[in-house]
Amino acid sequence: MTELKHIRNFSIIAHIDHGKSTLADRLIQQTGGLTEREMSAQVLDNMDIEKERGITIKAQTVRLNYTAKDGQLYELNLMDTPGHVDFAYEVSRSLAACEGALLVVDAAQGVEAQTLANVYQSIEHDHEIVPVINKIDLPAAEPEKVRKEIEDIIGIDASEAVLASAKSGIGIADILEQIVLKIPPPKGDRDAPLEAMLVDSWYDPYLGVVILVRVVNGVIKKGQNIKFMAGGTEHLVDRVGCMRPKIETLPELAAGEIGFITAQIKDISQTRVGDTITTVKNPAAAPLPGFKEVQPVVFCGLFPVDANDFDKLRDSISKLRLNDASFSFEMESSAALGFGFRCGFLGLLHLEIIQERLTREYDLDLITTAPSVVYKIQLTHGNGELELHNPADMPDPTKIDEIQEPWIEAVIYCPDEYLGSILKLCQDRRGIQKNLTYVGGRAQVTYELPLNEVVFDFYDRLKSISRGYASFDYYQIGYREGDLVKMSIMVNAEPVDALSMIVHRGTAESRGRGMCERLKDLIPRHLFKIPIQAAIGGKVIARETIAAMRKDVTAKCYGGDISRKKKLLDKQKEGKKRMREYGSVSIPQEAFIAALRMGEE
Amino acid sequence: MNSGADLSPPVRGRGDELLALYIHWPFCVSKCPYCDFNSHVREGVDVAQWQAALLVDMAHEAALLPGRELGSIFFGGGTPSLMPPALVQSLIEQAARHWRFSDDIEITLEANPSSVESARFADLALAGVNRVSLGLQALDDDVLAFLGRAHSVTEALAALAIAQDRFARVSFDLIYARPGQSLADWERELTRALGFGTGHLSLYQLTIEPGTRFETLVRRGDLVPADDDHSADLFDLTRQITAGAGVPAYEISNHACIGEQSRHNLTYWRYGDYAGIGPGAHGRRGAMATERHRKPENFLSAIVRNGNGLSVERPLDPETQAMEALLMGLRLAEGLDLERVAARAGVPQSALIDDAAAQRLTRIGLLERDGARITVTPQGMPVLDAILADLVAIEPAATA
């Protein structure tokens, strides 16, 4: 048992690529958690995708033992939090488990929007912030400029910021010492009834569901009957421990400590992030504050390219869901795409991650339909309210009294030379400017935007117009009424359900025109000419025509060698399997994905 | 040599049809930049050894195709006009010992229109060759150089005149849809070509084949092939001009006066039986597909080892046979008889084509149906491959 005064719980706040994972690895190494040989780069990011993208999807913790200059042995719990706005709620729970944070800023790139959002959250949790200026050994490093930025933009004292290079091991000892000196120890009462916050959970094939907890009051140990206060289920604790980062079993976790428990749980949806764990025998009077049900925000359909892969897709989705309760799915059938699933995600990155894992880890070829947000529809004649997840389910306009769409507040942070085009992008996307400030050659602009304009291709556009220098962060601010209509795309007079989308009336025409032009390039010529139309209700708002194919013939076919001709036919037929038939038009699956990524150059 | 007769596989109902014999001579003086045929450049070819090998290979096929009447022989290559006439003669004589020749047997030899080769035309005619197919390719010296041909236009026209003098039937090849070739250019060249008065013309659009020098040039951006729309215009123009001159297309790229069609090539397109001997030659003996070793050296050692040059001998299932018959037959202006295709392959007629696709294609004027006969229309011919992909109902899995 460690005394409270010898415990420090902290997280690391950093923009992607600013060196969070490398720093975490260094701290583990320096405190002896892993030998040199055991260090694989970026120990904490378990999944391939996490490693590749340098982002954290699941919260992780690691316990470090550190003997400080005062000669005392400290227990440092490092919480590696998810680094993306899609996981804002998970982030808030991880932060709630800590008393302080290391703020890591790249010495060459300075403060980014994402860092800002996270550091403000951290400050809201009353965290003590320890600034670290990383990558100081880069030729482009400007530590003094960055130090001033931290003070000007974030408003915290950075005079004692540690100058470090996680990669070269510079400043690591100073960081450890500052954690002990600056971050306050946790408070808590080990004799009170158990109150532990469920920080995150994941499915392990050997251990079942592993739950990451921060004990606020009381003690949790093996053999206890525990209860999830929001979830309502009861379980028997069969293992208590911490990560170093290897699993280490402990006799107990007491107030102030972070660690994990297992309790023979198979279904991850029983373990809700933010829930309060208490004992059955001596329960806490009230749950800890801050629990929220996680709701998917972005929806899209996932269909197997090869209809025979439906069962495989269902199994794979179920397996992924084992580890990610925030992702929802239900079966969906589309006239042309066959059977698939309507899936809900926390945001676009979450969508992309799931899609990529299905493709990569489960070897599935997928068609993804246009991402859509959840609309609230008031029906006429008091027929109640409807939540619309799929444009295909849009009721007849005569039955709709009012449609509401989700709005977000977005903070964009960029070098000011790109500001003009970024403002234009936001205006084009029906944005309402709320704030605009400049700090040292950088602009910070705040906009209210409809989420449906953002899920479309906002992020891609933003990256391209700012050459990757703009950073972007958002949170939801509720629902507002919108003049929204369903736009259908018709290919050879047949509606293509997978391409229909809900758009604002004011942008429908340009959206429709863009889509038709795009499809004209994406759908190969056929033996007949193909009209492509965008329509609202019965009214066509844009059209293009794909001319009929004029030449496709093998000029020379003799010498009796039929095998080549046959191979060609086989190839053509195989190619058709990767296409979807609408009317008599074959649309390549790439077209579905590419059509939605509309450039506006 | 005919003692193998009892072992031959049953040739279902085809025994009465004329057989075709293809003989491949794999050697060329140099490789043309557009050609992906089985051709090889070798120093000094041992004629005696090749004669013996081809005779052995022929005997092997003859034993498996006994009692048939031979309707055509075709010497292809490579450059068969490089074969000594005595070798050609011995092969023809040997074929006559194996099979009965039909009265009007067609014996074609592909020839380069060079002075060296035209000097042999008289001897080749004496050897029994009665039709030549000359690789003129173009009527422009610059283009001939671009195509890697060794002859000049003057030389080629002299060779053509000699051929027309020596052989009953003469055909020649031209390559069009060349980079930068306009409709007017081609009209002039084709009109001139028709003026030579041959009864048969093979007019191929330049196709960039994988593994050729032209493919490399295209990949590097040094050669820009004609685009599809222009190629289609050239194709239409070709059909129009040749039809006007009384030499209409009877196949995608082949044009002939009445009665002057290549009987040998019609055997392929009508999916009749053909024995193929020599390196890389393909053959069909009823349901059996055959292929010979492509590389000359491998072919020769197979002859020594096995008494034949076979590298592949594979029975084709009924579906594959039907599919092949469709792929080949629909290239012909005459179309094909689905009832006959179904009966010969042994599959139900309903399994051959996708009826909905056929109706759609008929509606847009690319296909015609008259009872069991289906014909791709002249409008459909330039997009035949796409039509086949729609129309042929037999799935690739069944053809594996």
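Key figures
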{"item": "Candidate set from the stretch A:494-503 (those that are out of contact with any Pro (no Cβ under 7 Å at 6 or more places or on another chain) and over 13 Å from A:Ala595 (Cβ atoms)); member that is nearest to the other protein chains (Cβ to nearest Cβ)", "result": "A:Glu494"}
{"item": "The stretch B:211-227: number of residues that are surrounded by 13 or more Cβ atoms within 10 Å (Cβ to Cβ) and assigned to a loop (DSSP other than H, G, I, E, B)", "result": "4"}
{"item": "Unique match (being among the acidic types (Asp, Glu), surrounded by fewer than 22 Cβ atoms within 10 Å (Cβ to Cβ) and in contact with a Gly (Cβ under 8 Å, 6 or more places away or on another chain)) among B:Asp236, B:Asp273", "result": "B:Asp273"}
{"item": "Matching residues in the stretch B:228-272 - criterion: being over 21 Å from B:Ile175 (Cβ atoms), more than 9 Å from chain A (Cβ to nearest Cβ), part of a helix (DSSP H, G or I) and within 22 Å of the chain's Cα centre (by Cα)", "result": "B:Arg263, B:Leu266"}
{"item": "Some residue of the stretch A:187-197 being in contact (Cβ under 8 Å) with a residue 40 or more places away in the chain, surrounded by fewer than 20 Cβ atoms within 10 Å (Cβ to Cβ) and either closer than 26 Å to A:Gly32 by Cα or touching a His at 6+ places or on another chain (Cβ under 7 Å) (or both)", "result": "no"}
{"item": "Restricting the stretch B:191-210 to residues that are within 12 Å of chain A (Cβ to nearest Cβ) and surrounded by fewer than 20 Cβ atoms within 10 Å (Cβ to Cβ), the residue that is nearest to B:Ile241 (Cα to Cα)", "result": "B:Tyr204"}
{"item": "Count of the stretch B:194-225 residues which are modelled with pLDDT under 95 and either over 16 Å from B:Gly180 (Cβ atoms) or in contact with a helix residue (DSSP H, G or I) (Cβ under 7 Å, 6 or more places away or on another chain) (or both)", "result": "13"}
{"item": "Residues within the stretch B:83-125 that are under 18 Å from B:Gly135 (Cα atoms) and assigned to a loop (DSSP other than H, G, I, E, B), tallied", "result": "6"}
{"item": "Residues that are of a type outside the set (A, V, I, L, M, F, W, C), touching a strand residue (DSSP E or B) at 6+ places or on another chain (Cβ under 9 Å) and either within 7 Å of another protein chain (Cβ to nearest Cβ) or crowded, with 17+ Cβ neighbours inside 10 Å (or both), drawn from the stretch A:552-575", "result": "A:Lys556, A:Tyr558, A:Gly559, A:Gly560, A:Asp561, A:Lys573"}
{"item": "Condition met for A:Gly537 (crowded, with 18+ Cβ neighbours inside 10 Å, more than 14 Å from chain B (Cβ to nearest Cβ) and touching a residue at least 12 places away in the same chain (Cβ under 8 Å))", "result": "no"}
{"item": "Helices (runs of 4 or more DSSP H) lying entirely in the stretch B:273-360 (those with 1 or more residues that are within 14 Å of another protein chain (Cβ to nearest Cβ) and closer than 28 Å to B:Trp99 by Cβ)", "result": "B:318-329, B:338-345"}
{"item": "Hey, A:Asp428 in contact with a strand residue (DSSP E or B) (Cβ under 7 Å, 6 or more places away or on another chain) and among the acidic types (Asp, Glu) or not", "result": "no"}
{"item": "Residue that is surrounded by the most Cβ atoms within 10 Å (Cβ to Cβ) [pool: residues in the stretch A:318-376 that are closer than 30 Å to A:Asp401 by Cβ and of a type in the set (Asp, Glu)]", "result": "A:Glu332"}
{"item": "Some residue of the stretch A:474-496 being among the charged types (D, E, K, R), surrounded by 19 or more Cβ atoms within 10 Å (Cβ to Cβ) and closer than 21 Å to A:Met394 by Cβ", "result": "yes"}
{"item": "Strands (runs of 3 or more DSSP E) contained in the stretch A:354-410 and holding at least 2 residues within 21 Å of A:Ser334 (Cα to Cα) and under 21 Å from the mean Cα position of the chain (by Cα)", "result": "A:366-368"}
{"item": "Matching entry among B:Pro279, B:Pro296 (being closer than 16 Å to B:Phe74 by Cα and more than 15 Å from the chain's Cα centre (by Cα))", "result": "B:Pro279"}
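Matching residues to (1) of a type in the set (Gly, Ala, Ser); (2) within 28 Å of the chain's Cα centre (by Cα); (3) surrounded by 19 or more Cβ atoms within 10 Å (Cβ to Cβ):
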residue	(1), (2), (3)
B:Thr320	no, yes, yes
B:Ala325	yes, yes, yes
B:Leu330	no, yes, yes
B:Glu339	no, yes, no
B:Arg344	no, yes, yes
B:Val347	no, yes, yes
B:Ser350	yes, no, no
B:Asp355	no, no, no
B:Thr362	no, no, no
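The values are calculated or read from the model by the stated rules, or taken from the named source; none is laboratory data. What you are looking at is a predicted structure, and each value in this text was computed from that prediction instead of being measured. Positions of Cβ are backbone-derived with ideal geometry, glycine not excepted, and every protein chain shown enters the neighbour counts.
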